[in-house]
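Student: Structure in structure tokens, see below.
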Amino acid sequence: MAFKKYRELLFGVFILAFMIFYFVMTLQLKQTPGKVGATTVPYVLCAGMLVLGILQVLDGIRAARVFGGNTRQEQDAQRETGGRVLLVTISLIVLYVAMFRMLGFILATFLYLSAQFCVLTPVGQKPKYLLYAVIAAVAAMLIYLGFRYGLNLMLPHGLIKGI
């Protein structure tokens, strides 16, 4: 019973512990001063894991406080919804990978993110399609520009040429 109460918190602690391990391993990579090098992406990943780990710990603390407040039916409904969301997410990822080269990075990423935002919209809340589309478009472009001009890596153009 105690594990269920604190599992979200424990997962956040695990993310933070893994981030520390990953950061220590990143410190052992050869440094290239003043340039984008072998350590750039690992440092960005460490920063992302730090933020996500902290958010997960905070969510775990909140979940532990309200644990047991839900009825058995509510817990079963959450579990069922979570399983459906997982299956749809895996399907979207497979579709994204399959369509990546044909559609190109920007279009495939835009479509994937838009669909994923809809899937992750809480039950009972109306999806905000326009907001999701704007966020997906901006994110796809920023990621593309970061790879293209920041890391000097080409991503598939697909149907969109000339960016």
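The values are calculated or read from the model by the stated rules, or taken from the named source; none is laboratory data. Quick caveat, the model's predicted, so the values are computed rather than measured. Methodologically, a virtual Cβ is constructed for each residue, glycine included, from the backbone with ideal geometry; neighbour enumeration extends over all protein chains shown.
Student: Please give the number of the condition residue 93 fails out of (1) within 24 Å of residue 41 (Cβ to Cβ); (2) surrounded by fewer than 12 Cβ atoms within 10 Å (Cβ to Cβ).
Tutor: Unmet for residue 93, out of (1) within 24 Å of residue 41 (Cβ to Cβ); (2) surrounded by fewer than 12 Cβ atoms within 10 Å (Cβ to Cβ): (2).
Student: Exactly one of these conditions fails for residue 113: (1) on the phi > 0 side of the Ramachandran plot; (2) within 16 Å of the chain's Cα centre (by Cα). Give me its number.
Tutor: Here residue 113 meets the rest and fails (1).
Student: Residues to consider are 94, 134, 123, 119; find the one that is part of a helix (DSSP H, G or I), in contact (Cβ under 8 Å) with a residue 24 or more places away in the chain, of a type outside the set (Gly, Ala, Ser) and farther than 30 Å from residue 37 by Cβ.
Tutor: Numbers: 94 fails: in contact (Cβ under 8 Å) with a residue 24 or more places away in the chain; 134 fails: in contact (Cβ under 8 Å) with a residue 24 or more places away in the chain; 123 fails: part of a helix (DSSP H, G or I).
So the residue among 94, 134, 123, 119 that is part of a helix (DSSP H, G or I), in contact (Cβ under 8 Å) with a residue 24 or more places away in the chain, of a type outside the set (Gly, Ala, Ser) and farther than 30 Å from residue 37 by Cβ is 119.
Student: Return yes or no: is residue 103 over 25 Å from residue 45 (Cα atoms), at pLDDT 90 or above and not aromatic (Phe, Trp, Tyr)?
Tutor: No: the conditions fail for residue 103.
Student: Quick check, is residue 40 loosely packed, with under 12 Cβ neighbours inside 10 Å and out of contact with any Phe, Trp or Tyr (no Cβ under 6 Å at 6 or more places or on another chain)?
Tutor: Working: loosely packed, with under 12 Cβ neighbours inside 10 Å: no; out of contact with any Phe, Trp or Tyr (no Cβ under 6 Å at 6 or more places or on another chain): yes.
Criteria not met by residue 40.
Student: Out of the residues in the range 14-37 meeting the condition of being exposed (fewer than 15 other Cβ atoms within 10 Å of the Cβ) and among the β-branched types (Val, Ile, Thr), tell me which one is nearest to residue 153 (Cα to Cα).
Tutor: The extreme case among them is 36.
Student: Same structure, new question: Name every residue in the range 15-43 that is at pLDDT below 85 and either of a type in the set (Ser, Thr, Tyr) or within 21 Å of the chain's Cα centre (by Cα) (or both), in order of residue number.
Tutor: 26, 32, 39, 40, 41, 42, 43
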